[in-house]
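The structure appears below as structure tokens.
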Amino acid sequence: MKKNAVVVGLVLFTQVLIAQNHPKLVVGIVVDQMRQEYLYRYESKLGPNGFKRLMNEGFMLQNAHYNYVPTETGPGHASIFTGSTPAVHGIVANEWYDRSLKTEVNCVNDPKQKPVGTDVGGAVSPWRLLSTTITDELKLASQQRAKVVGISLKDRGAVLPAGHMPDGAYWYDGKTGKMITSTYYYDTLPKWVQKFNDLKLADKYLNQEWNTLLPVEQYVEAGPDDSPYEGKWKGKDKPTFPYNLIELRKQMGGFNLLTMTPWGNTIVSDFAKSALLAEGLGKDEITDFLTVSFSSTDIIGHAMGPNAVELEDTYLRLDKTLEDLLVTLDKEVGKGAYTVFLTADHAVAEVPQYLIDQRVPAGYFRPAYVEANLIEHLQKYFPGKKIIEKMSTEQVYINHEAFGSDPRSSGIDLMIASELIANFLLKTEGIAQVFSSSVLRQAAYGEDGVRGKVVRGFNAKRCGDVAFVLEPGWLAWSSVTGSTHGSSYSYDTHVPILFYGAGIKKGSSSQFHTITDIAPTLSVLLKIKFPSGNTGQPVTEVLD
């Protein structure tokens with residue numbers, strides 16, 4: 001009996017060791033538009049089992065940054081999961097100008113696909129992503145036996161993390177209030193997804209009032225509820241609580257209104273829990289991967305800015321949503337048997353008008369106005385010729401066809417045009433630096449400073465002929481309310497990176513790390529290949 005007891009004990013002990021070092025499930029959480037600072041700003045109001053559980057029982061990188069521009073959702077999700085930057089993985093923006101098609105393209109739009117679960121929209125796939133992801137590498141290492149599922153409100157937030165060969169990627173359809181996919185993944189929705197949609201949770205969440213979780217006077221971490229720097233909802237005179245969702249949903253886009261409330265995050269978590277059960281994630285010895293992207297924080301942040309009571313309330317509610325998700329993982333996979341990382345696809349700038357009113361340098365950059373003036377300026381040197389093909393995402397695309405077919409003369413004229421454009425842009429208010437594509441192609445990938453970030457965000461086949469960078473505090477934003485992101489400055493690059501669970505040490509580090517370090521850290525943890533385009537380094541403080 002004693003011998004049998006010893007054997008059983010050793011088996012159990014071995015199983016514990018395996019669970020601690022080789023997770024049964026990895027959960028990658030991306031909180032869209034989250035600053036690292038929010039963890040500190042809202043800390044006193046966070047519960048002990050949501051964000052704080054990851055912070056206190058896991059490992060927090062306090063000085064983690066994006067190392068390229070533009071800091072946008074598509075490039076952010078791609079960089080997290082590929083361990084590389086747009087120069088390598090090719091997702092250079094949410095949308096960019098395609099020279100061959102003569103139009104702007106979306107980072108996940110795929111004309112070869114069709115939506116599944118709705119009639120319009122949803123024709124997407126990861127086909128424009130040039131590198132493998134950590135999720136792809138897990139599928140390859142396991143001979144396709146590992147399960148990978150990606151979930152988000154946004155299609156790009158589900159598609160890019162899940163990689164090229166997942167078992168499913170799903171996102172929210174604002175027209176129907178349902179979770180959908182595309183023919184890249186399935187011809188029809190799996191039965192468990194259909195059952196989830198039959199619950200009509202979007203309708204349930206929109207048939208209520210959005211009021212603050214705590215008394216509004218306790219939201220001292222935010223600005224005043226009635227602020228001139230916040231966008232107003234149609235049907236409301238002021239951007240203040242409460243919000244009667246039942247009355248406002250017709251004027252605010254029907255089911256799309258859900259994305260502008262904290263319950264957009266809730267329905268994503270609801271769906272993630274359903275996927276966990278239906279797909280049997282983390283139920284065997286082969287590691288699975290679940291990616292979850294919470295987007296309502298971004299949509300609310302854009303409309304209201306980073307100092308809104310609405311945003312703080314959204315984070316306090318997300319804290320409870322995270323707690324519930326972690327409890328579900330404890331129950332279904334086992335505490336200590338899974339690994340979680342949490343980060344953001346970018347952070348966010350202050351509202352420029354607020355900074356201006358506080359006598360802080362800031363401003364609004366008007367791309368259409370600058371483009372019109374630039375076109376007029378170039379007519380002095382190239383009369384009758386269309387030199388500018390497109391200005392998009394702080395890139396200028398020159399019309400190469402305007403210079404003729406002779407490579408000698410056209411090359412010289414192109415150089416002259418590039419120099420004229422650069423000189424004009426440098427004299428434009430709000431622009432800090434300008435770089436030609438020839439300079440960027442010759443620069444070192446690992447270069448420091450702003451130019452290094454532009455280099456790492458520059459893909460020669462997909463970007464323009466001239467790139468420019470705005471001054472700190474300046475935004476290409478069409479409204480004096482709300483805010484956006486995209487710059488190389490710390491307010492857009494500094495994001496949280498939290499690791500928690502199996503194989504992860506407890507602690508924190510103020511050492512500089514980049515977002516591209518997440519994927520190789522997971523590769524080491526899972527003992528699999530790095531993604532094909534990986535440029536990051538494993539975070540040794542977390543693992544060793």
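Numbers at a glance
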{"quantity": "Spin-label model distance (nm) - ALA432 vs ASN373, 7 Å beyond Cα toward Cβ", "calculated": "2.0 nm"}
{"quantity": "Radius, Kirkwood style, for segment 294-410 when every pair of distinct Cα atoms is counted (Å)", "calculated": "19.6 Å"}
{"quantity": "Kirkwood estimate for segment 160-225, i.e. one over the average of 1/r between Cα atoms, Å", "calculated": "15.1 Å"}
{"quantity": "Net charge contributed by nearby residues that have their C-beta within less than 11 Å of GLN33 (K/R +1, D/E -1)", "calculated": "-4"}
{"quantity": "Proportion of all alpha-carbon pairs of segment 407-544 beyond 18 Å (%)", "calculated": "68 percent"}
{"quantity": "Alpha carbon convex hull of segment 274-324, volume per residue in cubic angstrom", "calculated": "92 Å³"}
{"quantity": "Radius, Kirkwood style, for segment 150-274 when every pair of distinct Cα atoms is counted (Å)", "calculated": "16.1 Å"}
{"quantity": "Rg and Dmax [Cα atoms of segment 202-252; Å; Rg one decimal, Dmax integer]", "calculated": "12.0, 32"}
{"quantity": "Relative packing of 366-373, 273-280, 436-443, 534-541, which averages over residues the other C-beta atoms within 10 Å, highest first", "calculated": "534-541, 273-280, 436-443, 366-373"}
{"quantity": "Cα gyration tensor category, rounded, prolate or oblate, for segment 352-469 with a/c compared to 1.5", "calculated": "oblate"}
{"quantity": "Computed over the chain: relative contact order in percent, which uses C-alpha pairs under 8 Å that are six or more apart", "calculated": "29 percent"}
{"quantity": "Sum of -39500 (n - 2.57) over DSSP H runs of 4+, divided by residues of the chain (222 nm, nearest 500)", "calculated": "-10500 deg cm²/dmol"}
{"quantity": "Cross-link pairs beyond the 22 Å C-alpha cut-off, checked among LYS178/LYS273; LYS320/LYS527; LYS52/LYS139", "calculated": "LYS320/LYS527; LYS52/LYS139"}
{"quantity": "Residue exposure sequence - MET165, MET260 - by fewest surrounding Cβ within 10 Å", "calculated": "MET165, MET260"}
{"quantity": "Two-decimal log10 I(q)/I(0) for segment 77-223, as the Debye equation yields it once each C-alpha is a single scatterer, q = 0.09, 0.10 Å⁻¹", "calculated": "-0.37, -0.45"}
{"quantity": "Proximal charge balance of LYS506 [Cβ under 15 Å; K/R count +1, D/E count -1]", "calculated": "+1"}
{"quantity": "Considering only the chain, percent of DSSP beta bridges that pair antiparallel, nearest 5", "calculated": "50 percent"}
{"quantity": "Cα-centred dipole magnitude for segment 178-260, charges only on beta-carbon of K, R (+1) and D, E (-1), debye, nearest 20", "calculated": "500 debye"}
{"quantity": "Sequence of ASP413, ASP313 once ranked by neighbouring C-beta atoms within 10 Å, starting from the fewest", "calculated": "ASP413, ASP313"}
{"quantity": "Pairwise label distance in nanometres, TRP127 with GLU209, each label 7 Å out on the Cα-Cβ vector", "calculated": "4.9 nm"}
{"quantity": "Dmax and Rg, reported as Rg then Dmax, of the chain (C-alpha, Å)", "calculated": "24.1, 97"}
{"quantity": "Mean projected area (nm²) of the alpha-carbon convex hull when segment 461-503 is viewed from all directions", "calculated": "6.3 nm²"}
{"quantity": "Prolate/oblate/rounded label for segment 268-356 (Cα gyration tensor, a/c 1.5)", "calculated": "prolate"}
{"quantity": "Neighbour-count order for THR521, THR212, fewest beta carbons within 10 angstrom listed first", "calculated": "THR212, THR521"}
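FYI, it's all coordinate maths here, none of it is from the lab. Small disclaimer: the values here were computed from a predicted structure and weren't measured. In this analysis, Cβ positions are derived from the backbone assuming ideal geometry, glycine residues included, and neighbour counts consider all displayed protein chains.
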